Amino acid sequence: MSLKKINTVLVAAFVLFILWFGTEFILSPETTAPGFGLPSWPSDDGGGFLIIKGIRDVVLALVLVILLVTGQRRALGWVLLVEALAAYGDMSTVLAHHGSVATALGLHGLTATLMVVNGLLILRETRKVAAAPVAPAPQPA
């Protein structure tokens, strides 16, 4: 299996995971929220922030879908690296608020690290194409 196919499968898996997780936060934040890793959740109207998290995740996934479908592979690699910051941010938030270390590292940290690896693999895959010399145009005689 080629590096391009492996990278595409990995990106598709990330897209599906992020879409699923984000949609769950939008549709049923109160049942999905405990899996995030924080020890306590907003009360009263604070639950709206959970929906915001879901919307963020769906948007992040859709950006990946657009780049994947349009074949913008180099941009896809860079965006994966940048979007990994959101998962590292989630990990840091859980750790800073004395949440589950296992969830912080095992869910958020691992996801972020895999996104970084996938982004770097895509940049490596596209490096050859980006560095290919451009042949001079034929000159009319």
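The values are calculated or read from the model by the stated rules, or taken from the named source; none is laboratory data. Remember, predicted model here, so these are calculated numbers, not experimental data. Every residue, glycine among them, receives a Cβ derived from its backbone with ideal geometry; neighbour counts consider all protein chains shown. With ligands, DNA and RNA removed, areas are computed over all heavy atoms of the protein, side chains included. Shrake-Rupley method; radii C 1.70, N 1.55, O 1.52, S 1.80 Å.
Tabulated values for the structure
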item	result
Members of the range 79-89 that are surrounded by 15 or more Cβ atoms within 10 Å (Cβ to Cβ) and more than 13 Å from N7 (Cα to Cα)	V79, L81, E83, A84, A86, A87, Y88
Residue match in the range 27-38 (condition: free of Cβ contacts under 8 Å to residues at least 12 places away in the same chain and under 17 Å from the mean Cα position of the chain (by Cα))	no
Where a residue in the range 101-126 is in contact (Cβ under 8 Å) with a residue 60 or more places away in the chain and more than 21 Å from M1 (Cβ to Cβ) and its partner, wherever it lies, is among the β-branched types (V, I, T) and assigned to a helix (DSSP H, G or I), with Cβ under 6 Å and at least six apart	A104/V94
Residue list for the range 79-108, restricted to those being part of a helix (DSSP H, G or I) and either over 23 Å from I55 (Cβ atoms) or charged (D, E, K, R) (or both)	E83, D90, L95, V101, A102, L105, G106
Answer from L3, L10, L19 - the residue that is under 17 Å from A84 (Cβ atoms), touching a residue at least 60 places away in the same chain (Cβ under 8 Å) and either open to solvent by 20 Å² or more (accessible area, probe 1.4 Å) or touching a strand residue (DSSP E or B) at 6+ places or on another chain (Cβ under 9 Å) (or both)	L10
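Quick grid of which residues meet (1) surrounded by 13 or more Cβ atoms within 10 Å (Cβ to Cβ); (2) aliphatic (A, V, I, L, M); (3) more than 25 Å from V9 (Cα to Cα):
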residue	(1), (2), (3)
G47	yes, no, yes
V58	yes, yes, no
L64	yes, yes, no
G71	no, no, no
L76	yes, yes, no
A96	no, yes, yes
